[in-house]
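The values are calculated or read from the model by the stated rules, or taken from the named source; none is laboratory data. Being a predicted model, the structure only gives us computed values, none of them experimental. Positions of Cβ are backbone-derived with ideal geometry, glycine not excepted, and every protein chain shown enters the neighbour counts.
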Amino acid sequence: MSLTLKTEAIVLRSIRYGEADRILHLYTRDHGRLAAIAKGARRASSKFGARLEPLSQVNLLLRQGRGDLYTVTGAETVDHRPRLRDSAAALDGAARACDAVARMFETDEPHPEVFTLLSNELTLLATKPAAGTANTLAFRLKLLLAAGLVPQLGSCATCGEREHLTGFSAAAGGVVCSSCESASFLLDEEAYGFLVAALGRPLAETPDASPRALAAAERAISETAAYHAQVRLRPLPRAA
């Protein structure tokens with residue numbers, strides 16, 4: 001007997017399949033990451049139409065058959081976010097957000113907080129398309145928090161010292177003091193301050209920082225994901 005699921009989902013990616021179908025990579029509120037086939041979705045007469053475009057948020061009915069691939073049997077739009085497609089910057093930021101979720105949360109284990117975080121990020125980008133690198137890094141840092149991998153920022157990850165935090169080491173698990181900075185890279189005061197503020201504030205209140213500080217913050221986030229989750233996040237474009 002096939003299992004039917006009803007869940008809210010964000011379409012991370014859509015791939016053409018066969019003559020008229022689409023394979024969808026989904027992140028759902030209740031069932032983590034799933035894959036589904038939308039049969040006939042590319043036909044003009046399809047009842048799904050544009051509802052299943054990437055970045056769309058939808059309520060889905062899914063029927064499980066053999067294997068891990070579900071079949072879409074019903075879809076209702078929650079938020080299509082058309083303004084995301086009006087800005088190249090917003091579209092790029094949204095694609096990077098979906099890619100980061102897909103890489104860091106690959107299983108069907110539910111993480112409703114990740115679903116909410118991604119939904120909020122897409123909504124923010126739709127209304128504030130020039131959110132930029134700082135926003136992307138804040139989003140990735142919050143993903144690390146949701147995954148239980150957020151770096152230690154309050155004290156030296158090696159000895160517990162709360163002052164003279166001058167470096168960052170993914171292997172140690174976060175910031176390190178000047179006495180423990182072996183095998184770390186320099187994390188100046190501005191980059192450190194950005195990481196602390198970005199973690200503690202809502203996405204819409206992400207602080208900005210200089211390109212140098214953001215580059216250091218990106219390195220800290222990327223090395224943490226690579227070392228502790230074996231996940232390589234896509235590098236961000238550098239400001240001209």
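Listing for the model above:
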| item | result |
| --- | --- |
| Search result, residues across region 147-169 that are surrounded by fewer than 20 Cβ atoms within 10 Å (Cβ to Cβ) and small (Gly, Ala, Ser) | Ala147, Gly148, Gly154, Ser155, Gly160 |
| Looking only at region 95-126, and only at residues there that are of a type outside the set (A, V, I, L, M, F, W, C) and in contact with a helix residue (DSSP H, G or I) (Cβ under 7 Å, 6 or more places away or on another chain), the one that is surrounded by the fewest Cβ atoms within 10 Å (Cβ to Cβ) | Glu113 |
| Residues located in region 173-199, provided they are surrounded by fewer than 21 Cβ atoms within 10 Å (Cβ to Cβ) and assigned to a helix (DSSP H, G or I) | Ser178, Ser179, Glu189, Glu190, Tyr192, Gly193, Val196, Ala197, Leu199 |
| Subset of region 74-94 [buried (at least 17 other Cβ atoms within 10 Å of the Cβ) and in contact with a strand residue (DSSP E or B) (Cβ under 7 Å, 6 or more places away or on another chain)] | Ala75 |
| Filtered residues of region 207-221 (kept if small (Gly, Ala, Ser) and free of Cβ contacts under 8 Å to residues at least 40 places away in the same chain) | Ser210, Ala213, Ala215 |
| Candidates Ser169, Ser155, Ser184, filtered to the one that is assigned by TED's automatic domain parsing to the domain that holds Ala209, under 25 Å from Pro207 (Cβ atoms) and in contact with a Lys or Arg (Cβ under 6 Å, 6 or more places away or on another chain) | Ser155 |
| Of all residues making up region 56-72, the number that are within 10 Å of Ile37 (Cα to Cα) and surrounded by 15 or more Cβ atoms within 10 Å (Cβ to Cβ) | 4 |
